[in-house]
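No lab work stands behind these numbers, since they all come straight from the coordinates. None of these values were measured; they are calculated from a predicted model. When we count neighbours, we look across all protein chains shown, and the Cβ atoms used for this are built from the backbone with ideal geometry, even at glycine.
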Amino acid sequence: MKTTSVSAADLSASVLSVPPLARDAQGSPSKAENRRQVDWLRSGDVTTYLYGGNANLYNFGVVDFGRLLDLLEEIAPADGWMIPSIGADFGKAADQAAILRERAFPTAMVLPLSFPATPAGLASGFSKLADISGRPLIAYIKNDGFMEAADVARLFRDGAISAVKYAVVRPDPKNDPYLAEILAAVGSGERIVSGIGERPAIDHMEMGLTAFTSGSVCVAPHLSTAILKAGREGRFADARAIRESFLPLEDLRDAHSPIRVLHEAVRLAGICETGPIGDFLTNLDGAERLEAIAKAAQELKAKSEAATAGALRQSARA
């Protein structure tokens with residue numbers, strides 16, 4: 001498992017997968033099922049695993065946090081980078097950061113809190129959490145004006161944050177004054193990752209962001225990796241063509257809840273048994289809705305598998 005400090009190269013080396021957290025019937029994280037998810041992702045050259053919103057860590061307690069870190073260490077591939085999340089409120093984040101201080105994880109993401117919080121208060125809180133954890137953290141910017149751009153730049157300079165996951169939804173991702181302001185203040189997009197999956201990722205990469213996070217990569221890692229590779233090489237038309245395969249599942253996620261749909265999609269695609277989704281959320285039900293998710297997930301997974309088979313054939317011919 002990666003334990004070294006976070007570099008810009010680490011952020012761009014892989015799609016940052018954001019998996020669901022597979023749980024057993026009693027609601028405890030399952031080592032075997034989460035390992036199956038990670039193994040599937042690794043088969044598609046995904047080496048970064050960010051456990052956050054899709055894992056429902058917003059509602060994960062402090063008492064069990066150490067055991068979760070144990071599990072992530074145990075299922076990590078040798079070249080894998082495991083990123084846990086802390087928070088969202090400051091008190092819980094501080095308690096979890098103190099536990100993290102004694103561990104080898106190079107960073108953690110701070111889940112976003114929109115209320116009660118102010119931009120200046122968040123900037124101050126990030127500095128304190130970095131001190132408590134003894135390492136730079138990842139800021140998750142999900143709302144317009146979450147923090148002042150100048151404070152984001154200062155947190156980078158002070159070593160309080162190692163990266164930003166930028167996830168403010170826009171009708172046109174390229175028309176984003178807040179992102180433009182952050183990029184101008186920071187001076188580069190090499191430590192800022194697009195944080196809303198494949199749909200806006202290509203536009204964000206064209207704007208200079210280094211990579212992207214994804215939930216649907218958990219279903220189709222080979223295709224998501226192909227998008228990242230095409231984007232890095234400037235083949236944005238190719239990247240957009242590959243992205244079309246993700247849109248049916250992404251449309252369902254937008255319609256019915258990104259977290260809850262992904263939790264079922266991974267299960268229905270046969271990747272791993274995800275089990276109960278965790279407290280304060282409920283698993284999706286309804287035969288028609290689940291059938292639609294199953295169809296989209298299974299078709300997407302089949303395309304990912306076909307992409308792998310095609311790459312193997314091409315390699316054999318070479």
Spatially near lysine pairs across the chain, Cα under 22 Å, sequence gap of 8 or more or different chains: 16
The stretch 8-243: C-alpha pair distances exceeding 28 Å, %: 27 percent
Contact order relative to length of the stretch 124-246, as percent, for alpha carbon pairs under 8 angstrom and 6 or more apart: 18 percent
Unit charges on C-beta of K, R, D, E only; dipole of the stretch 165-221, Debye: 140 debye
Förster radius 22 Å - calculated FRET efficiency between Ala184 and Arg232 (Cβ-Cβ, nearest 0.05): 0.45
Dipole of the stretch 8-243, positive direction: furthest Cα of Gly80, Gly53, Ser30, with charges on the beta-carbon: Ser30
Whole-number percent relative contact order across the stretch 8-243, with pairs defined as alpha carbons under 8 Å at least 6 apart: 20 percent
Burial ordering of His222, His256, fewest other beta-carbon atoms within 10 Å first: His256, His222
Span-like helix ranges in the chain, DSSP H, alpha carbon extent 27 angstrom or more, Kyte mean at least -1.0: 287-317
Dipole of the stretch 157-268, positive direction: furthest Cα of Ala237, His222, Thr210, with charges on the beta-carbon: His222
Packing-based order for 292-302, 97-107, using average beta carbon neighbours within 10 Å, highest first: 292-302, 97-107
Taking Leu113, Leu281, Leu16, Leu228 and counting other C-beta atoms within 10 Å, the order from fewest to most: Leu281, Leu113, Leu228, Leu16
Beta bridges by DSSP in the stretch 8-243, antiparallel share as percent, to the nearest 5: 5 percent
Sparse-neighbourhood loop sites, trypsin sites (Lys or Arg not before Pro) in the stretch 128-184 - DSSP loop, at most 15 other Cβ within 10 angstrom: Lys174
Cα centre as origin, Lys/Arg/Asp/Glu Cβ charges: the chain dipole, Debye: 540 debye
Cα centroid of the stretch 265-297 to Cα centroid of the stretch 12-70, whole Å: 16 Å
Calculated diffusion of the stretch 183-318, Stokes-Einstein form, Kirkwood radius summed over Cα pairs, 10 °C and 1.306 mPa s, µm²/s: 99 µm²/s
